[in-house]
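Asker: Right, I'll just put the structure down here and ask away after.
Values in this text are rule-based calculations from the coordinates and carry no lab data. Quick caveat, the model's predicted, so the values are computed rather than measured. Using ideal geometry, Cβ is built from the backbone for each residue, glycine included, and neighbour counts are taken over all protein chains shown.
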Number of protein chains: 2
Amino acid sequence: MQHITNMEGDNMEDRILMAHGSGGKLAKQLTEEVFLPVFDNPLLGPLEDAAVFHSPGGKLALTTDSYVVKPLFFPGGDIGRLAVAGTVNDLAVSGAVPLYLSVGFILEEGLPINILKKVAASMARTAGEAGVKIITGDTKVVEKGMADGMYINTAGVGLIPQGQGELGARRVRPGDRIILSGSIGQHGVAILAAREGLDLSPAVLSDVTPLNKMLEDLLKEAPGVRAMRDPTRGGLATTLNEWAVTAGVTIRIKEEKLAILPQVHGVCELFGFDPLYLANEGKAVIALPPEEVPAALELLQRHAQGREAAVIGEVTGERPGTVILETKVGGERIVDMLTGEQLPRIC
Amino acid sequence: MQHITNMEGDNMEDRILMAHGSGGKLAKQLTEEVFLPVFDNPLLGPLEDAAVFHSPGGKLALTTDSYVVKPLFFPGGDIGRLAVAGTVNDLAVSGAVPLYLSVGFILEEGLPINILKKVAASMARTAGEAGVKIITGDTKVVEKGMADGMYINTAGVGLIPQGQGELGARRVRPGDRIILSGSIGQHGVAILAAREGLDLSPAVLSDVTPLNKMLEDLLKEAPGVRAMRDPTRGGLATTLNEWAVTAGVTIRIKEEKLAILPQVHGVCELFGFDPLYLANEGKAVIALPPEEVPAALELLQRHAQGREAAVIGEVTGERPGTVILETKVGGERIVDMLTGEQLPRIC
């Protein structure tokens, strides 16, 4: 057990032990001292095997994601903020109002409990921003060397408002416009900078943020929206390719319309990355009919997260299943799906 | 990358690569070739960021658990069966009819894809037994050495039937009887046997099984049930202690009423374990008023999983927060909550 004693001058009691995952006394203590103080709410309180909530009836959405981001803390965010915002955004782009989250922690033996406390506090803050409640959870512990600090799974339940039409890639059709809610690549570059010790000036912060309030408002202003996605793993290129293939359409985007920070461009050139494939954690791509574009843009630009929203392209029909980038110099190139791995463990 | 080539004479293409977690082409291929063939259902089909389902309105239950069991396959089950049955049972003991599951895989680079296929098939079979659907999922990949083959998270949504009263530890009161649905300790011993290479004769199989159908029937026959739990991590002793503390009651159980296989007894003596603390994955503990005991026992014993159901004790009030075991020789001992860790990573 030497690896959990006094590694950094701190006390063995301040680190996660295998017994914290036992279901016994230490597990109870962890729940009471780390999780309940930050997540406390009336539904979580009873600590039964499941949390019970009221549903008004109608359509609900269920989603899940596990988070294995490395490092746990990065410029602009941390694994906890990511785990809440990511799952909230998956519900929001599905047209659902996110309501409740579950959280499952997999902790590595020896993890400082202070790290866990910081992550839990960040989850609670982000849940507060998004207006969702964490109502049930689970903690497992694996031996030193069997995880990388911690992994988090969140699942989320959301309510699809009555009258909200179906959203989805299948509904995208020629003539639709493509709106992107802001600049791309910050999350991927923030992770890379943290990992490689890059000293960017100014620093690039991850864009990780819950988008649900903006997207709820958007659907009221532009009820004809066909599909929305948050372009995380695989980036904008992957999202657009999935739409093009599923809907059997061409998606044409204009390079000059894409907002990309100069530092993001710089890092991409240095590492041979393409910003189209870099992960974003606070952006939405939206396909909608042209007549709804003005109202949608105006609404998005009123929100902090959508200030740079712009139409970046349109849907056509000439080459089904294809994404085409019109370059600044007037050329065209096909933007394929990501093959291989550009930057692993970004979420 | 040498560690993923030809480790066991097989092909690098047959193993999980980091790129399977990229969100790109290989991730898509994994979904289409491994998950969709076994989990396919109309709600999962669209593969959007969230799955949409209809809810009749009323009370719903949400639960989650991550599964880190070691080894992945053990006598009587595997991590996939555990991940479905465990979450189904958490819903069932909360009085909910389990409906939908999400699944999140964390895979270790180099994992043979055939192992993943076997686990996914086992999940699909167990979901079929329980009558639940896996409607949304996620896959992440971490580097070799950053996980132990695979970890699985499942979250589950269930519907609490109209008119079903609240269940929970807070409702347990003096005079109630405690029913246990069968023998204890098999899951823990099956894991230990697999890990230590014990050659038990006859073999002890894990009891991992979905209990939802039996428990749904039970609540119809015995609507006055106060609380139910599946005594997994920490075993029967931990469940009863949680009830005793939460309800402020004494729980007295009789050693002679506990069903324990002779091989389970033998392994416990050999390793210094107490079967009261060993994990079960297919048992329910039920607190109910005495007048409902006959109907409840008759119902439970009609089900394969409840054939050995018996009253093992009762609730009294003399020492709030305490569990007392009346031994076979006529003595009494206090059964405390688990301190430390008896057997890690059993679920």
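Asker: By the scheme Lys and Arg +1, Asp and Glu -1, what is the net charge of all other residues having a beta-carbon under 14 Å from that of A:Leu278?
Answerer: Details: positive: A:Arg195, A:Arg233, A:Lys283, A:Arg345; negative: A:Asp207, A:Asp230, A:Glu269, A:Asp274, A:Glu281, A:Glu341.
So the environment of A:Leu278 carries a net charge of -2.
Asker: Still on this model: Net charge around A:Gly86, counting only other residues with Cβ within less than 11 Å of its Cβ (Lys, Arg = +1; Asp, Glu = -1)?
Answerer: Values: positive: A:Arg81, A:Arg233; negative: A:Asp65, A:Asp90, A:Asp230, A:Glu281, B:Asp49, B:Asp138.
Charge balance in the 11 Å sphere: -4.
Asker: Here's a follow-up. Mind checking the dipole of the protein assembly as shown: about its Cα centre, +1 per Lys or Arg Cβ, -1 per Asp or Glu Cβ, Debye to the nearest 20? Provide the component values of the computation, followed by the final result.
Answerer: On the way: 64 positive and 86 negative charges, 196 e Å.
Taking the Cα centre of the protein assembly as shown as origin, the dipole is about 940 debye.
Asker: Could you run the Karplus curve 6.51 cos²θ - 1.76 cosθ + 1.60 with θ = phi - 60° over the range A:222-230 and give me ³J(HN,Hα) per residue in whole Hz, x for Gly and Pro?
Answerer: 10, x, x, 3, 8, 7, 9, 8, 9
Asker: Here's something else I'd like to know. On C-alpha positions alone, give me the angle between the axis of helix B:79-92 and the longest principal axis of chain B, in degrees, nearest 10.
Answerer: Between helix and principal axis, roughly 40 degrees.
Asker: Nm distances between the label at B:Gly197 and the same-position labels in the remaining copies, 7 Å along Cα→Cβ, shortest first?
Answerer: Copy-to-copy label distances at B:Gly197, shortest first: 4.4 nm.
Asker: Right, next: Straight-line reach only, C-alpha to C-alpha below 16 angstrom: list the aspartates and glutamates that B:Lys328 could link to, leaving out same-chain residues fewer than 8 apart.
Answerer: B:Glu255, B:Glu256, B:Asp274
Asker: Rounded to the nearest 0.05, what FRET efficiency is calculated for A:Glu143 and A:Glu318 with R0 set to 56 Å and r the Cβ-Cβ distance? Don't skip to the answer; put the middle values down first.
Answerer: Details: r = 56 Å, r/R0 = 1.00.
So, using R0 = 56 Å, E works out to roughly 0.50.
Asker: Simple spin-label model, 7 Å along Cα-to-Cβ: B:Ser201 to A:Lys257 in nm?
Answerer: Reported label-point gap for B:Ser201 and A:Lys257 is 7.5 nm.
Asker: Before rounding to the nearest 500, sum -39500 (n - 2.57) across all DSSP H runs of length at least 4 in chain A and divide by the residue total; then give [θ] at 222 nm in deg cm²/dmol. Please list the in-between numbers first.
Answerer: Values: 9 runs with 96 residues, N = 347.
Taken over chain A, the calculation gives -8500 deg cm²/dmol.
Asker: Please find the FRET efficiency linking B:Glu33 to A:Glu166, where r is the Cβ-Cβ separation and R0 is fixed at 35 Å, and quote it to the nearest 0.05. Mind showing how you got there, number by number?
Answerer: Values: r = 27 Å, r/R0 = 0.78.
E between B:Glu33 and A:Glu166, to the nearest 0.05, is 0.80.
Asker: Determine the shape class of the range A:169-334: with a ≥ b ≥ c the square roots of the Cα gyration tensor eigenvalues, call it rounded for a/c under 1.5, and otherwise prolate if a/b is greater than b/c, oblate otherwise.
Answerer: Note, shape of the range A:169-334 comes out oblate.
Asker: Something else about it: Neighbouring Cβ atoms within 10 Å as the yardstick, rank B:Arg333, A:Arg15 fewest first.
Answerer: On the way: B:Arg333 11, A:Arg15 24.
Least crowded to most crowded, the residues run B:Arg333, A:Arg15.
Asker: Assuming R0 = 30 Å, can you tell me the calculated FRET efficiency for the pair B:Gln301 and B:Asp274, based on Cβ-Cβ distance, to the nearest 0.05?
Answerer: 0.65
Asker: How large is the charge dipole for chain B, taken about the Cα centre, if only the Cβ atoms of Lys, Arg (+1) and Asp, Glu (-1) carry charge, to the nearest 20 debye?
Answerer: Values: 32 positive and 43 negative charges, 114 e Å.
Using Cβ point charges on Lys, Arg, Asp and Glu, chain B gives about 540 debye.
Asker: Against the longest alpha carbon principal axis of chain B, how many degrees, from 0 to 90 and to the nearest 10, is the axis of helix B:235-247 turned?
Answerer: That helix lies at roughly 60 degrees to the long axis.
Asker: Here is a further query. So if I take the centroid of the Cα atoms in the range A:21-38 and the same for the range A:77-105, what is the distance between those two points in Å?
Answerer: First find each Cα centre; the distance between them is then 23 Å.
Asker: List the aspartates and glutamates whose Cα lies under 12 Å from the Cα of B:Lys220, skipping any in the same chain that are fewer than 8 positions away.
Answerer: Filter leaves B:Glu292.
Asker: What nm distances, shortest first, do you get from the label point of B:Asp14 to those in the other copies when the point sits 7 angstrom along Cα to Cβ?
Answerer: When each copy's label point is compared with this one, the spacings are 4.9 nm.
Asker: Compute the distance in nm between two label points, each set 7 Å from the Cα along the Cα-to-Cβ direction, one at B:His54 and one at A:Asp336.
Answerer: Here the modelled spin labels are 4.4 nm apart.
Asker: Right, something else. Gaussian network model of chain B, Cα springs within a sub-10 Å range: biggest mean-square fluctuation belongs to which of B:Leu270, B:Leu116, B:Leu205?
Answerer: B:Leu270
Asker: Assuming a strict under-20 Å limit between Cα atoms, what lysine pair count do you get for the range B:2-160 once near-sequence pairs (fewer than 8 apart, same chain) are dropped?
Answerer: For the range B:2-160, qualifying lysine pairs total 15.
Asker: Once the label point is set 7 Å along the Cα-to-beta-carbon vector, what list of distances in nm do you get between A:Gly272 and its counterparts in the other copies?
Answerer: 5.6
Asker: Still on this structure, please answer the following. Can you give me the Cα centroid spacing of the range A:122-163 and the range B:155-188 in angstrom?
Answerer: So the separation of the two Cα centres works out to 25 Å.
Asker: Also: What distance in nm separates the two pseudo spin-label positions at A:Glu326 and B:Val245, each 7 Å out from Cα along the beta-carbon direction?
Answerer: Roughly 6.6 nm, to one decimal.
Asker: Please name which of A:Gly86, A:Val97, B:Val249 has its Cα lying farthest along the dipole of the protein assembly as shown towards the positive end, using unit charges on Cβ (Lys, Arg +1; Asp, Glu -1) and the Cα centre as origin.
Answerer: A:Val97
Asker: Could you pull the Cα extents of the range B:78-200 along its three principal axes, largest to smallest, in whole Å?
Answerer: 54, 38, 25
Asker: What is the Cα coordinate range of chain B on the first, second and third principal axes, sorted by size from largest, in whole angstrom?
Answerer: Principal axes ranked by extent give 63, 52, 32 Å for the Cα atoms.
Asker: What net charge is computed for the residues neighbouring B:Ala237, neighbours being all others with C-beta under 9 Å from the C-beta of B:Ala237, Lys and Arg scored +1, Asp and Glu -1?
Answerer: Numbers: positive: none; negative: B:Asp274, B:Asp336.
Summing Lys and Arg as +1 and Asp and Glu as -1 gives -2.
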